[in-house]
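The structure under discussion appears below in the form of structure tokens.
The values are calculated or read from the model by the stated rules, or taken from the named source; none is laboratory data. Keep in mind the model is a prediction, meaning the values are calculated, not measured. In this analysis, Cβ positions are derived from the backbone assuming ideal geometry, glycine residues included, and neighbour counts consider all displayed protein chains. Please note that ligands, DNA and RNA were not included when accessible areas were found on the heavy atoms of the full protein model with its side chains. Shrake-Rupley method; radii C 1.70, N 1.55, O 1.52, S 1.80 Å.
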Amino acid sequence: MPIPYTKPPAPSDDKRWKIVETRMRRHGDRPQALIEALHAAQEAFGYLDDEALQFIGDTLGVPHSRVYGVATFYSFFTLKPQGEHTCVVCTGTACYINGAKEIMTGFEQQLGVKPKETTADGKVSLLTARCLGACSLAPAVIVDGDVRGKVSAADLVAELEAM
Ligand code: FES
């Protein structure tokens with residue numbers, strides 16, 4: 001006789017898990033809900049940790065290797081706690097040739113961070129994206145959810161330094 005499937009319990013009593021569980025249930029708790037579930041967990045917690053990835057994989061019946069593969073492949077997922085502010089720098093071709101490279105260098109030299117890192121004071125996390133769909137604004141960045149275009153590396157770094 002097949003062993004009846006039992007859903008794994010949420011990692012903790014934190015109410016935010018309910019949001020994640022509801023989103024997965026809406027998709028029938030099936031592997032196809034993986035991206036949706038990762039989004040739900042990231043929205044709820046701000047980032048994805050091992051606990052979240054394993055819980056989602058176990059609930060949807062997706063191997064952990066695949067869950068980690070997806071979570072690390074897409075640049076909109078972050079596996080680390082975020083700083084108070086988040087800056088996503090577009091490193092797509094249009095942005096790269098129009099100044100994204102200088103922005104990344106500025107971050108590294110002046111703020112001491114590389115992509116997926118947070119400044120030592122916990123203020124700013126740096127993330128990258130492949131194309132934000134705003135190429136006419138190159139170089140484009142998103143600061144705390146606001147899309148900014150034609151940014152200068154020096155101005156942006158100075159602004160983030162002052163945060
Ligand atoms: S390449 Fe940056 S927005 Fe498209």
Counting only residues that are within 16 Å of the ligand (Cβ to nearest atom) and in a loop (DSSP other than H, G, I, E, B), the stretch 104-120 contains a total of 1
Per the list (1) without any contact (Cβ under 8 Å) to a residue 40 or more places away in the chain; (2) more than 12 Å from Ala154 (Cα to Cα), residue check on Glu84 breaks on (1)
Here the qualifying pairs (Cβ atoms under 8 Å; residues six or more apart or on different chains; first in the stretch 138-163 and in contact (Cβ under 8 Å) with a residue 60 or more places away in the chain; second open to solvent by 20 Å² or more (accessible area, probe 1.4 Å) and in a strand (DSSP E or B)) come out as Leu156/Arg148; Leu160/His85; Met163/His85
Taking the stretch 48-95 and keeping only residues that are assigned to a helix (DSSP H, G or I), of a type in the set (Phe, Trp, Tyr) and modelled with pLDDT of 85 or more, one is left with Phe55, Tyr68
Taking the stretch 61-103 and keeping only residues that are more than 16 Å from the ligand (Cβ to nearest atom) and of a type in the set (A, V, I, L, M, F, W, C), one is left with Val62, Val67, Val70, Ala71, Phe73, Phe77, Leu79
Of (1) under 20 Å from Gly28 (Cβ atoms); (2) within 16 Å of the ligand (Cβ to nearest atom); (3) of a type in the set (Phe, Trp, Tyr), Phe55 fails just (2)
Across (1) within 16 Å of the ligand (Cβ to nearest atom); (2) under 17 Å from Ala154 (Cα atoms); (3) among the small types (Gly, Ala, Ser), Gly133 clears everything bar (2)
Within the stretch 109-137, of all residues that are without any contact (Cβ under 8 Å) to a residue 24 or more places away in the chain and of a type in the set (A, V, I, L, M), the one surrounded by the fewest Cβ atoms within 10 Å (Cβ to Cβ) is Ala120
